[in-house]
Number of protein chains: 2
Amino acid sequence: MSTYQNETILKMIRGEKVDRFPVWLMRQAGRILPEYRAIRNSLSGFKELVETPELAAEVTIQPVDILGVDAAIIFSDILVVPEAMGLPYEMIEKKGPWFENTVRSKADVDKLPKEIDVAERLGYVTEAIKVTKRELNGRVPLIGFAGAPWTIFCYMTEGQGSKTFSQAKRILYSNPELAHELLDRITNVTITYLKHQIAAGADIVQVFDSWAGTLGPKTYSEFGTKYVRRICEAIQEVPVTVFSKGAYYAREELAELDCQTIGLDWNMDIAESRQIIGMDKTLQGNLDPCLLYADFNTIERKTKNLLKSFGNRRHIANLGHGVYPDTDPEKVKCFIETVKAHSIN
Amino acid sequence: MSTYQNETILKMIRGEKVDRFPVWLMRQAGRILPEYRAIRNSLSGFKELVETPELAAEVTIQPVDILGVDAAIIFSDILVVPEAMGLPYEMIEKKGPWFENTVRSKADVDKLPKEIDVAERLGYVTEAIKVTKRELNGRVPLIGFAGAPWTIFCYMTEGQGSKTFSQAKRILYSNPELAHELLDRITNVTITYLKHQIAAGADIVQVFDSWAGTLGPKTYSEFGTKYVRRICEAIQEVPVTVFSKGAYYAREELAELDCQTIGLDWNMDIAESRQIIGMDKTLQGNLDPCLLYADFNTIERKTKNLLKSFGNRRHIANLGHGVYPDTDPEKVKCFIETVKAHSIN
């Protein structure tokens, strides 16, 4: 096992004694930093940045240097997986992802290539991880990630963002066998992909189920948790974090997963979540990202309340969602510094 | 009190004995019916339909005739309230609502007229209610409605739909006094508006807090429930239904409101919700609207499961969200007929 100048986050995940809570932010590598935008604006688009390992590594490390977070997370996108599976995406400025082709029928699924050479198709991500690890030079651990199968399924079937993902859900209800076939394929590719990330140096992996909340308790159990469970069982090399945004009703079920950390969104009460999930997991979250629009005093006060709610239990401080693009980096620093100044006795 | 040929829904709300569960659908008057689209397509736009009482009445009654629902709900939009307050909106096809002006500062709030003549500005809605009542001729009760103050605040500050309503939330955190001032004004207009709807003939009123779920427990209590409570206390003439979509964490607080019915979205477990809310309220909901994409057998089976979950307690069958525009009306009928065929013993 590698050692780090700062391994607070790994110690916290393992339940070892630490003197403060570790802190990082979802989407910390990206739009909030002028240093990121300078690089991004010199390129043809978002995908060029994702696909250029040296640059992806550079923006991955920026928040470690500039914000002082306790972990880096590789700059990439969950949609590289559907692209590797045969559905290329575009990232349209101010609109979000867009897929020229979608998968909605058995024929569409059958058209996808059966064998995916993940090492080759997603080599740019593993290469970015290697470059990042080299340049981080042991300062902090590096988090790898992938979308959860249900969330990837949402984009592959809907073809773009949606408030309801009703086209994705239509398939669950009208053709559950087809849904399971596609979810199974996504799961297999995702496991291989995460293993490549780990082999390249990822110290932790996080599975993002961003659209978990579009499903209800039974449906999420059948089409969501089922596949996240397979990922958790397959990944034993490093700690796994599961973040099922909006799936408050699934917390009991998520507590049973073979993972180390459960992410909480800002709707989920910390004490209640701890009670439901029990003492065997590290929790992560969950400041409302909009709170970083407040003044410095309010941010400090609310962050202290959050830290108090952790009750000296295993917890990684984070937001309850990705940091919003129009957030002032100084406000982010205020959050981070407040966490770091708080001792666990 | 008027009597109706079918007053199942009113009896259920009052806790009287009925032999089956009443059923209606959020957004039942609208896009799913070809008969609606025929009228809509003959007009310049959505707003012309909202603002023409005879036509609004006609599309309000269509689902009573065609689908056999147990209540009509007046065809209108929650955004007529911000418009009456001085912020006109447009409804852009396939994009949703759009406001030319928004309210984000004290100066913006001060620019809004202080005295709103609701009777005059929203006379087209009360007139539509009167025409509907006349033409319904006692067949079923008529539901009036308004947006909850927080949801109206979202549109007035954000100016359009949003996945996060981060501009609206920014104000809550950065200028809570201003937020309360605007929420207070919206609440006052909404109470007057609902009273006019009731005077015109609305038998039930529903308050839609569509964006409740964007807030967390404490924030919703402070900026959401607080104002819904004032509406509930002010409206004593007819039963009030509160639907706070996504605010699962607020169910205990909502149970304390002076209202008769609580709407549930499809994420909320019925038995758990009944336990949290207690026996003094009627519940309403909550089939996943996407389930109506399934085949008839599946819809029938899942609807029967839903009915079983009501446990012969006070419940109004409905979806957990508005019916989606691409839903086959025959599937909607299957849901409605399954509810109507189920006896409560």
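Every number in this text was worked out from the coordinates using simple rules, so none of it is lab data. All of these numbers come straight from a predicted model, not from anything done at the bench. Backbone-built Cβ (ideal geometry, glycine too); neighbour counts: all protein chains shown.
Only aspartates and glutamates eight or more places from residue B:304 in sequence, or on another chain, were considered; those with a Cα closer than 20 Å are A:222, B:19, B:70, B:265, B:269, B:272, B:288, B:295, B:328, B:330, B:337. Past the 27 Å Cα-Cα mark, which pairs from A:163/B:195; A:169/B:195; A:47/A:111; A:106/B:163; A:302/B:95? In this structure, A:163/B:195; A:169/B:195; A:106/B:163; A:302/B:95 exceed 27 Å between Cα atoms.
Count Lys and Arg as plus one, Asp and Glu as minus one, and take only other residues whose Cβ is under 12 Å from that of residue B:35; the net charge is then +1. Treating each Cα of the protein assembly as shown as an identical point scatterer and summing with the Debye formula, the log10 of I(q)/I(0) at q = 0.11 Å⁻¹ comes to -1.18. Between A:199, A:294, A:56, the GNM of chain A built on Cα springs shorter than 10 angstrom shows A:294 fluctuating the most.
Scaled against the 2.2 N^0.38 Å expected of a compact globular protein of N residues, the Cα radius of gyration of region A:31-74 reads 1.10. Of the three principal axes defined by the Cα atoms of region B:91-202, the extents in descending order read 50, 34, 21 Å. Over the residues of chain B, the helix contribution to mean residue ellipticity at 222 nm works out to -13500 deg cm²/dmol, using -39500 (n - 2.57) for each DSSP H run of at least 4. Taking amide H positions as modeled 1.01 Å from N, with prolines and chain starts lacking one, the residues under 5 Å from residue B:209 and 5 or more places away or on another chain are B:148, B:243, B:244, B:245. For region B:197-345, the alpha carbon convex hull comes to 125 Å³ per residue, rounded to a whole number. Per-residue 3J(HN,Hα) values for region A:32-47, derived from phi via the Karplus relation 6.51 cos²θ - 1.76 cosθ + 1.60 with θ = phi - 60°, read 6, 9, x, 5, 5, 5, 4, 5, 4, 6, 7, 10, 6, x, 4, 5 Hz in sequence order (x marks Gly and Pro). Loop-located trypsin sites (Lys or Arg not before Pro) across region A:109-156 with a Cβ neighbour count of 10 or fewer within 10 Å are A:114, with loop assigned by DSSP. The same position residue A:328 in the other copies lies at 5.6 nm from this copy, comparing label points 7 Å beyond Cα toward the beta-carbon, shortest first.
Using the Cα atoms as the points, what is the convex hull volume per residue of region B:127-276 in Å³?
So the per-residue Cα hull volume is 119 Å³.
Position residue B:255: other-copy label points at 2.0 nm, ordered by increasing distance, label point 7 Å along Cα→C-beta.
Charged neighbours of residue B:26, selected by a Cβ distance under 14 Å, balance to -2 (K, R count +1; D, E count -1). Please list 3J(HN,Hα) in residue order for region B:103-111, calculated via the Karplus relation 6.51 cos²θ - 1.76 cosθ + 1.60 where θ = phi - 60°; whole Hz, with x for glycine and proline. Once rounded to whole Hz, the list reads 10, 10, 9, 4, 4, 4, 5, 5, 6. Using a Debye calculation, one point per C-alpha and no hydration shell, please list log10 I(q)/I(0) for region A:8-341 at q = 0.13, 0.15 Å⁻¹ in order. Relative scattering, expressed as log10 I(q)/I(0), comes to -0.97, -1.33. Pull up the DSSP beta bridges for region A:8-341 and report the antiparallel fraction as a percent, rounded to 5. Given both bridge residues lie in region A:8-341, the antiparallel proportion sits at roughly 15 percent. For the Cα trace of region A:1-105, dividing Rg by the Kirkwood Rh returns an Rg/Rh value of 1.06. Computed over all pairs of different Cα atoms, the Kirkwood value for the hydrodynamic radius of region A:130-176 is 13.3 Å. Here residue A:98 yields copy-to-copy label distances, from shortest upward, of 1.6 nm, the label point defined as 7 Å from Cα along Cα to C-beta. With a cut-off of 9 Å between beta carbons, the residues surrounding residue A:180 carry a summed charge of -3, where Lys and Arg count +1 and Asp and Glu -1.
Which whole number in µm²/s is D for region A:16-167 by Stokes-Einstein, with the Kirkwood Rh taken over Cα pairs at 37 °C and 0.692 mPa s?
Working: Rh = 16.9 Å.
Here the translational diffusion coefficient equals 194 µm²/s.
In the protein assembly as shown, what percentage of the DSSP-assigned beta bridges are antiparallel, given to the nearest 5?
Antiparallel: roughly 20 percent of the beta bridges in the protein assembly as shown.
Here region A:225-260 and region B:141-170 have alpha carbon centers that stand 34 Å from each other. Derived scalar couplings between HN and Hα for region A:133-150 equal 4, 4, 6, 5, 6, x, 5, 9, x, 10, 9, x, 7, 8, x, 6, x, 4 Hz in order, rounded to whole Hz, by the Karplus curve 6.51 cos²θ - 1.76 cosθ + 1.60 (θ = phi - 60°), x for Gly and Pro. For residue A:316, nonlocal amide neighbours, meaning residues 5 or more places apart or on other chains whose placed amide H falls under 5 Å from its own, are A:283, A:284, A:285.
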